[in-house]
1. Using the Cα atoms of the stretch A:125-263 to build a convex hull, what is its mean projected area in square nanometres?
2. Would you work out the charge dipole size for chain A about its Cα centre, treating the Cβ of every Lys and Arg as +1 and the Cβ of every Asp and Glu as -1, and quote it to the nearest 20 debye?
3. Of B:Leu148, B:Val209, B:Gln173, whose Cα points farthest to the positive end of the dipole of the stretch B:126-219 (charges on the beta-carbon: +1 Lys, Arg; -1 Asp, Glu; origin at the Cα centre)?
4. How high is the relative contact order of chain A, in percent, counting Cα pairs under 8 Å that sit 6 or more residues apart?
5. Could you go through the stretch A:107-117 in sequence order and give the Karplus-derived ³J(HN,Hα) for each residue, using 6.51 cos²θ - 1.76 cosθ + 1.60 with θ = phi - 60°, rounded to whole Hz, and x for Gly and Pro?
6. For the cross-link pairs A:Lys166/B:Lys200; A:Lys364/B:Lys87; A:Lys141/B:Lys87; B:Lys65/B:Lys101; A:Lys255/B:Lys176; A:Lys255/B:Lys133, which exceed 30 Å when the distance is taken from alpha carbon to alpha carbon?
7. Could you sort A:Lys96, A:Lys364 by their accessible area in this structure, using a 1.4 Å probe and putting the largest first?
8. Please check the stretch A:256-270 for residues whose accessible area, probe 1.4 Å, is lower by 40 Å² or more when all protein chains are in place than in their chain alone.
Amino acid sequence: MSAAQRTNVQPSPPPLSLAEVGQYSWGLTLVFVLASTCWVLLPYTGYLFAALVFLLAIVLAGTRWNRGPVLMMAVVSALVWNYFFIPPQFTLHIDKPQDMVMFSLFFIVALSMGHLITRLRAREAALAQHHQEREHLLELKHRAELLSESERLHRTLLDSVSHELKTPIAIIRTALDGLGLENPYAREIETANRRLQRIVESFLEMTRVESEALEPKPDWCEIGDVLHAATAPIQQELAAHALRMTCATELPLLKLDSRLLAQVLGNLLHNATRYAPAGSDIEIHAALVGDNLQLRVRDHGPGLPLGAEDQLFEKFYRTPDSPAGGTGLGLAIARGLMRAMKGDIEAHTHPTGGAEFVLHLPVKTRSAA
Amino acid sequence: MSKALIIDDEHQMRRLLRMVLESRGYEVCEAAEGQLGLQEAAFHRPDVVLLDLGLPGLNGIEVLKRLREWSDVPVLILSVRDQETIKVEALENGADDYVTKPFGTAELLARLTVIQRRRFTRQSAEIVAGALKLDLLHHEASLDDAPLKLTPTEFALLKVLAEHAGRIVTQNQIIKQVWAGQTSDPSEGLRVHINHLRKKLGTTGPRIVNEPGIGYRLEEA
């Protein structure tokens, strides 16, 4: 906790708080009441008794009140004692030297009492606060430990689920390769298996994106390498389309997580192959806009349903006329990944038709020349 | 006949791999677990090892490290996706290459063939990778018998890639061999020189393929 909060324990006088004003008036009242009482008792007790009563009151006040009112009480009671009790009464003058010494001592004791006790209280309060802070820190630490433990568990679970789901798919794939794809039934199994693999990977990736277990690892790369990594796994789907990549100017080296960006691009391209008619072009345009890499992926399909430009990125959202198959996760993953990299993605229908997705990603650049 | 050792905990996967490999003339032995795998490796002295990274008990990396203490048998890693860091760790601990499950049989067999090629030995001062020739004695490179003009760094870089032609080389492995002893961050320089090399190799020569998060592979055209 900040030092500013800690100093609040010792209130600084101006401006006076309402509580402090109350303490001042209670202090004066107390001195008045005690002085009256002692005045009545004076014939029986002597004037030294009054001094002790005042001291006691100051000590007690010190345990409850702030420094200002206590010191005020010390001064006022010293004066009152001098004026009303020390002979000669009703003057501030003191006759006897021993009374003079007594008065000085009273004054010193009262002041230091008030001072010491309020200091003690301030220290106590600081200690209590310190203790509280420690408790707070301990709790935070405990919570962080719990969190990392649950994250570890989550990861382990994800890994084992991933392993369990992918192993049968891998086995089917290998077995199909052994069988050969001449048989049309085998080809159907192969297509279904690829689809299954995509679904499993989408679900796992979505889980990973949502658990925030994603840590982008930016490194220098070329945009061409990213595109290559994006297209390699979906070459079969892309075969029916012409993919064109253009750059505003020759792009420099970019510092970004090429694996994550490739996955985003892969999802967008795969989407395009599903919605755009076979044989149509898919275009990717890359440009640097300020410190941002801007990638536009455009197909020549039917475009996006009006008003759904943002809904598209919601989990499981599927456009009303989307072809069968697909999980409705591809774009949600794309947005999750872009945001994990501090970038974003948006979509619109291109003025001349077809869907266009625009990616923004803050990047560092370095000339590759 | 080559002998292959499969270390994988999935019984069906082992059985399938055995069928695939036996149909290609391999003699196959297998182990379901790391410790057993090491014993099998010591006993059968295989020519190539297929190692699954997700093993129960002694994990794949540990098996690899222990194997490398006494053997330089080529090792192919079988892994699932999204294990880039662990793949890199495996490669830097002596694995020769990897395939990602689910993998195609053709890809698997191609990788096995490449990593089983005699590892580069300095018996000749020439490295040949397809149309590419590197003369280590004179520091000269040629593509389709036409001389390639390379800077010393580019030559060193191409040498590392060509020595491992067809195999993945991690970024760190390249940097260690080409930029040994330099303190500044050479990962940027690596990209720049790769870029230059690609231009000089053109579209007809071998391609330098990047695998994000892992490294580079020189693929013969």
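The values are calculated or read from the model by the stated rules, or taken from the named source; none is laboratory data. All values derive from a computational prediction rather than experimental measurement. Ideal geometry is used to build each Cβ from the backbone, glycine not excepted, and the neighbour counts take in all protein chains shown. All accessible areas refer to the heavy atoms of the entire protein, side chains included, with ligands and DNA or RNA removed. Shrake-Rupley method; radii C 1.70, N 1.55, O 1.52, S 1.80 Å.
1. Working: hull surface 56.1 nm².
Convex hull of Cα atoms, orientation-averaged projection: 14.0 nm².
2. It comes to approximately 1280 debye.
3. Farthest along the dipole direction, towards plus: B:Val209.
4. Reported as a whole number, the value is 12 percent.
5. Going residue by residue, I get 4, 5, 4, 4, 5, 5, 4, x, 5, 4, 5 Hz, with x marking Gly and Pro.
6. Over 30 Å apart, Cα to Cα: A:Lys166/B:Lys200; A:Lys141/B:Lys87; A:Lys255/B:Lys133.
7. Sorted descending by solvent-accessible area, the residues read A:Lys364, A:Lys96.
8. At a threshold of 40 Å² (probe 1.4 Å), the residues of the stretch A:256-270 that become less exposed are A:Arg259.
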